[in-house]
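Let me begin by presenting the structure, written as structure tokens, before commenting on it.
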Amino acid sequence: MKTADVVKYAYGDCKALTFLMQSMLAEVGIASNYTLVFAGQDEDDIEVDFPSNQFNHVILQAMDGDHPVWLECTSNSLPAGYLGGFTKNRHVLVTSNGGGYLTRTPDYKSMDWNTARSRTRIEIDSQGNAKINTNQSYQGNPAGDLIYLKTQLDTRQQRDYFNKNSAVSGLIIENLTFELDKKDSIPLAEVSYEGVIQRFTQNTSKRVILRPFIDKISKNILDMGAVYAVDDYVITLAEPLQPEFEMQNLVFEEKGIQIQLTHLFEGNELTVTREINYTAQEELDEEAQSELIKKINLNLNNTYVFIKPTGSEK
């Protein structure tokens, strides 16, 4: 399509929108290169040793000095300079006057692109039901993954997503706020919600047992290549209880990953903090990844059991 027609009809496919952006940049003296890519979430890379048309999408490469700036011209939600999972970390064919060359798009495998923080307050009533209040901040890829939720799903579908992906089964979200922002090319997201969980604790005549409330480590963490994440949980019990076992802080260190689990228990309030520092030291195959994930979750699977005061009713 001619760029004038794209403007006239407010419509264009990836080729048309990329040409339009290239034309606008040229008008202000910024050179850019039409770039072919095989796009798709988690798609395999192209065969670079076999000259053939293996592409299904186009993006634009502009230059900031010696540094490429990648533009996904079909998106009105991604920050300029951020490609997201659809075209990141793969070979592309950059075309230029008289020819072209193969290069790779960014993999975003650094701490700046993989940071998350959360704080969750859980208040448990005398029946073992819980009210939950959570605030989450994401930077980079974790925020980029939420752009689809914000732009393509309605409020009910967004609540359903967080309900289903909660570490605690049975969460029912009552209020949800969900905001997107950016810091230069790095996407940011802020998520807050309130909800309830019935029978959050298992009660016996003498004990109160907390259901698991911390997200397990998943393959997605290792795939990021570098992660910094801190999760705080503040749990208020219905009455002062005595821990059945001494709460020991835990540390797991192996293959570039360090995870610390710390505890503070005062009165009827338990504070648990998990901190994850991860920088990939080597490429792990699927079997090695599975074994590492299993070992982490086994070592950090902490169960919290409290003794009721003498005379407490069942």
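Within the stretch 57-75, count every residue that is farther than 17 Å from Leu25 by Cβ and surrounded by fewer than 16 Cβ atoms within 10 Å (Cβ to Cβ). Before the answer, list the steps.
Kept after step one, since they are farther than 17 Å from Leu25 by Cβ, are these residues of the stretch 57-75: 57, 66.
Right, trim to surrounded by fewer than 16 Cβ atoms within 10 Å (Cβ to Cβ) and you get 66.
Residues flagged as farther than 17 Å from Leu25 by Cβ and surrounded by fewer than 16 Cβ atoms within 10 Å (Cβ to Cβ) within the stretch 57-75 amount to 1.
Return yes when Leu292 is part of a strand (DSSP E or B) and either of a type outside the set (Ser, Thr, Tyr) or at pLDDT below 90 (or both) and no when it is not.
On the way: part of a strand (DSSP E or B): no; either of a type outside the set (Ser, Thr, Tyr) or at pLDDT below 90 (or both): yes.
Against the criterion (part of a strand (DSSP E or B) and either of a type outside the set (Ser, Thr, Tyr) or at pLDDT below 90 (or both)), Leu292 does not qualify.
Take the residues in the stretch 172-187 that are farther than 17 Å from Tyr161 by Cα and not hydroxyl-bearing (Ser, Thr, Tyr); name whichever of them is surrounded by the fewest Cβ atoms within 10 Å (Cβ to Cβ).
Step one: filter the stretch 172-187 for residues farther than 17 Å from Tyr161 by Cα, giving 181-187.
Remaining after also requiring not hydroxyl-bearing (Ser, Thr, Tyr): 181-184, 186-187.
On the way: Asp181: 12, Lys182: 17, Lys183: 12, Asp184: 9, Ile186: 19, Pro187: 24.
Looking at residues that are farther than 17 Å from Tyr161 by Cα and not hydroxyl-bearing (Ser, Thr, Tyr), I get Asp184.
Which of the residues spanning the stretch 25-57 are touching a residue at least 12 places away in the same chain (Cβ under 8 Å) and on the phi > 0 side of the Ramachandran plot?
Answer for the stretch 25-57, where residues must be touching a residue at least 12 places away in the same chain (Cβ under 8 Å) and on the phi > 0 side of the Ramachandran plot: Gly40, Asp42.
For the stretch 111-144, which positions are surrounded by 16 or more Cβ atoms within 10 Å (Cβ to Cβ) and in a loop (DSSP other than H, G, I, E, B)?
Of everything in the stretch 111-144, just one residue is surrounded by 16 or more Cβ atoms within 10 Å (Cβ to Cβ) and in a loop (DSSP other than H, G, I, E, B), namely Gly128.
Residue check: is Val230 at negative phi, in the same structural domain as Gln260 (by TED's automatic domain parsing), among the hydrophobic types (A, V, I, L, M, F, W, C) and surrounded by fewer than 17 Cβ atoms within 10 Å (Cβ to Cβ)?
When the stated conditions are applied, Val230 passes them.
State whether one or more residues within the stretch 228-238 are in contact (Cβ under 8 Å) with a residue 40 or more places away in the chain, assigned to a loop (DSSP other than H, G, I, E, B) and of a type outside the set (Ser, Thr, Tyr).
yes
Among the numbered criteria (1) in contact (Cβ under 8 Å) with a residue 12 or more places away in the chain; (2) more than 23 Å from Thr87 (Cα to Cα); (3) of a type in the set (Gly, Ala, Ser), which single criterion is violated by Ala16?
Going through the list (1) in contact (Cβ under 8 Å) with a residue 12 or more places away in the chain; (2) more than 23 Å from Thr87 (Cα to Cα); (3) of a type in the set (Gly, Ala, Ser), Ala16 breaks only (2).
I'd like the full set of residues that are within 19 Å of Tyr233 (Cβ to Cβ) and either touching an Asp or Glu at 6+ places or on another chain (Cβ under 9 Å) or not assigned by TED's automatic domain parsing to the domain that holds Ser137 (or both), limited to the stretch 155-175. Break it down into steps so the answer makes sense when it comes.
Residues of the stretch 155-175 within 19 Å of Tyr233 (Cβ to Cβ): 162-163, 165-173.
Matches in the stretch 155-175: Asn165, Ser166, Ala167, Ile173.
In the stretch 165-195, which residues are under 22 Å from Val69 (Cα atoms), in contact with a strand residue (DSSP E or B) (Cβ under 9 Å, 6 or more places away or on another chain) and not hydrophobic (A, V, I, L, M, F, W, C)?
The answer is Asp181, Lys182, Lys183, Ser185, Pro187.
The values are calculated or read from the model by the stated rules, or taken from the named source; none is laboratory data. This one's a predicted model, so the numbers in the text were calculated from it and none came from an experiment. Glycine gets a Cβ as well: all are built from the backbone with ideal geometry, and neighbour counts include every protein chain shown.
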